Amino acid sequence: MYAKGQTVIGLMEQLAPKHVAVPDDKIGLQLGSLQKEIKNVLVTLDVTDAVVEEAIALKVDLIIAHHAIIFRPLAQLQTDTPAGRLYEKLIKNDIAVYISHTNLDVTEGGINDWMAEALGIEASDSLENVHTDKLFKLVVFVPKTHHKQVLDAVLNAGAGAIGNYSHCSFNIEGYGTFIPQEGTNPFIGEQGKMERAEEIRIETIVPSSLRSKIIAAMLKSHPYEEVAYDLYSMDLKGRTLGLGRTGKLREPVLLKDFVDRVKTGLKVDHVRVVGDLNRPVKKAAVLGGSGGRYWKQAQFRGADVLVTGDVDFHTAQDALAAGIAIIDPGHHAEKIMKDKVAGWLKEKLSETKYSTEVHASKVDTEPFQFM
């Protein structure tokens with residue numbers, strides 16, 4: 001059985017939820033329809049003509065890309081332009097295109113974490129915070145006989161996370177009273193009679209990003225027709241996600257040796273380097289894509305070097321004068337996402353017993369040639 005388009009994207013958004021993206025980022029379905037079976041998915045950094053030809057050869061129904069193919073509203077769609085021809089080819093071959101951009105950068109276990117891991121950076125902080133989860137307090141009253149069933153359901157759905165602790169809750173025994181009215185089918189008690197039931201009050205924390213999932217799990221596991229529960233907004237802040245990662249290296253190295261690590265870890269042949277190659281590097285920062293403007297944030301967080309792409313001349317001069325090194329492996333270093341996303345989706349689709357195939361694009365979309 002093949003997964004529907006919405007099912008595939010639902011899995012993708014478990015990895016990179018849309019709500020954590022930078023505001024106004026061009027993400028989501030940009031072309032085509034998800035209302036169809038998906039036999040083949042192609043994961044790519046960019047959607048170029050060569051990538052579309054690859055997709056056609058693989059009989060792909062859905063392309064998941066990191067970089068958008070539509071950046072601004074279209075005034076017209078002319079099929080005699082390079083972009084128009086690309087859109088036409090995708091439409092004629094019924095290939096949908098879905099974009100996961102800054103949400104894949106920001107999310108835990110996304111591009112910036114993959115790059116940090118590849119460079120041996122024990123990532124701890126972001127360079128710029130983008131999204132902070134709002135927290136709610138969930139209170140639900142459960143008959144004593146079904147306490148464990150409901151508690152396990154809400155905690156396993158993601159409730160109860162406090163810092164580095166999970167499955168946190170508080171439980172109080174007491175009595176609930178109610179009178180089932182006409183037309184009810186009570187789990188406990190009889191119509192028209194006051195019922196006094198042994199119940200347990202469960203309290204736990206719910207992040208806004210998982211609120212719908214947790215409430216649905218609670219209602220499904222609860223035996224009552226009408227579930228008594230409260231959801232209170234809290235002033236406490238939840239998990240914060242952001243762009244880039246900073247952290248210590250497992251062991252200090254010289255900048256020239258760290259350069260070799262960048263080339264190997266990110267699979268690039270050439271990099272541009274700002275700084276003394278013999279300076280020690282104890283802490284590093286990384287940001288996929290164009291991140292030159294974040295060198296001050298990297299330095300403020302104690303990084304000796306920032307690894308990022310598209311660094312301009314004046315930014316390089318300013319960083320050099322300020323005493324922070326920069327390694328520029330190019331914007332295309334984000335290609336690390338192809339195998340990572342494809343592997344993640346393959347695993348999730350396999351777990352759900354779907355026959356949908358996922359392919360990592362083999363097309364090199366790097367626009368630069370190094371002579």
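Miscellaneous remarks
- Inter-residue pairs, beta-carbon under 8 Å, first within 26 Å of residue 9 (Cβ to Cβ) and in the range 348-371, second of a type in the set (Asp, Glu) and in a loop (DSSP other than H, G, I, E, B), 6+ apart: 365/46
- Residues in the range 214-250 that are among the charged types (D, E, K, R) and modelled with pLDDT of 95 or more: 220, 230, 245, 248.
- The one condition from (1) among the basic types (Lys, Arg); (2) over 19 Å from residue 125 (Cβ atoms); (3) surrounded by 13 or more Cβ atoms within 10 Å (Cβ to Cβ) that residue 362 does not meet is (3).
- Tallying residues that are outside any loop (DSSP other than H, G, I, E, B), hydrophobic (A, V, I, L, M, F, W, C) and either within 22 Å of residue 10 (Cβ to Cβ) or touching a strand residue (DSSP E or B) at 6+ places or on another chain (Cβ under 8 Å) (or both) within the range 32-51 yields 5.
- Count - residues of the range 206-228 that are buried (at least 19 other Cβ atoms within 10 Å of the Cβ), over 24 Å from residue 21 (Cβ atoms) and in contact with a Leu (Cβ under 8 Å, 6 or more places away or on another chain): 1
- Positions within the range 333-371 being farther than 22 Å from residue 287 by Cα, among the polar types (S, T, N, Q) and not in a helix (DSSP H, G or I), in sequence order: 352, 355, 356, 361, 369
- Close pairs (6 angstrom Cβ cut-off, 6 or more residues apart or separate chains): at negative phi in the range 166-186, small (Gly, Ala, Ser) and modelled with pLDDT of 90 or more anywhere: 168/160; 169/160; 176/197
Quick grid of which residues meet (1) touching a strand residue (DSSP E or B) at 6+ places or on another chain (Cβ under 7 Å); (2) among the hydroxyl-bearing types (Ser, Thr, Tyr):
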| position | (1), (2) |
| --- | --- |
| 183 | no, no |
| 204 | yes, yes |
| 222 | yes, no |
| 233 | yes, yes |
| 258 | yes, no |
| 268 | no, no |
| 278 | yes, no |
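- Residue satisfying all of: in the range 254-313; surrounded by 20 or more Cβ atoms within 10 Å (Cβ to Cβ) and among the polar types (S, T, N, Q); farthest from the chain's Cα centre (by Cα) among these: 297
- Scanning the range 187-222 for residues that are within 21 Å of residue 137 (Cβ to Cβ) and among the charged types (D, E, K, R) gives 199, 201, 203, 211, 213, 220.
- Members of the range 62-78 that are at pLDDT 95 or above and outside any strand (DSSP E or B): 66, 67, 68, 69
- Qualifying residues in the range 1-52 (those that are of a type in the set (Asp, Glu) and closer than 22 Å to residue 343 by Cα) - the one surrounded by the most Cβ atoms within 10 Å (Cβ to Cβ): 46
- Pairs linking a residue in the range 314-325 that is touching a residue at least 60 places away in the same chain (Cβ under 8 Å) to a residue that is assigned to a helix (DSSP H, G or I), with Cβ atoms under 6 Å and 6 or more positions apart or on different chains, are 325/255.
- A Cβ distance below 8 Å, combined with a sequence gap of six or more or placement on separate chains, defines the contacts here; from the range 188-203, residues that are in the same structural domain as residue 145 (by TED's automatic domain parsing) reach residues that are loosely packed, with under 11 Cβ neighbours inside 10 Å and modelled with pLDDT under 90 in the pairs 191/182; 192/182.
- Scanning the range 32-56 for residues that are of a type in the set (A, V, I, L, M) and farther than 13 Å from residue 361 by Cβ returns 34, 38.
- Verdict on residue 58 being surrounded by fewer than 13 Cβ atoms within 10 Å (Cβ to Cβ), more than 26 Å from the chain's Cα centre (by Cα) and hydrophobic (A, V, I, L, M, F, W, C): no
- For the range 1-31, filtering for residues that are of a type outside the set (A, V, I, L, M), over 13 Å from residue 60 (Cβ atoms) and assigned to a loop (DSSP other than H, G, I, E, B) leaves 5.
- When each of 249, 236 is tested for being in the same structural domain as residue 154 (by TED's automatic domain parsing) and either under 24 Å from residue 158 (Cβ atoms) or assigned to a strand (DSSP E or B) (or both), the lone residue that passes is 236.
- Residue that is aliphatic (A, V, I, L, M) and under 18 Å from the mean Cα position of the chain (by Cα), where the choices are 38, 64: 64
- Filter result for residue 184 (among the β-branched types (Val, Ile, Thr), surrounded by fewer than 17 Cβ atoms within 10 Å (Cβ to Cβ) and part of a loop (DSSP other than H, G, I, E, B)): yes
The values are calculated or read from the model by the stated rules, or taken from the named source; none is laboratory data. Quick caveat, the model's predicted, so the values are computed rather than measured. Here the Cβ is made from the backbone with ideal geometry for all residues, glycine too, and neighbour counts use every protein chain on show.
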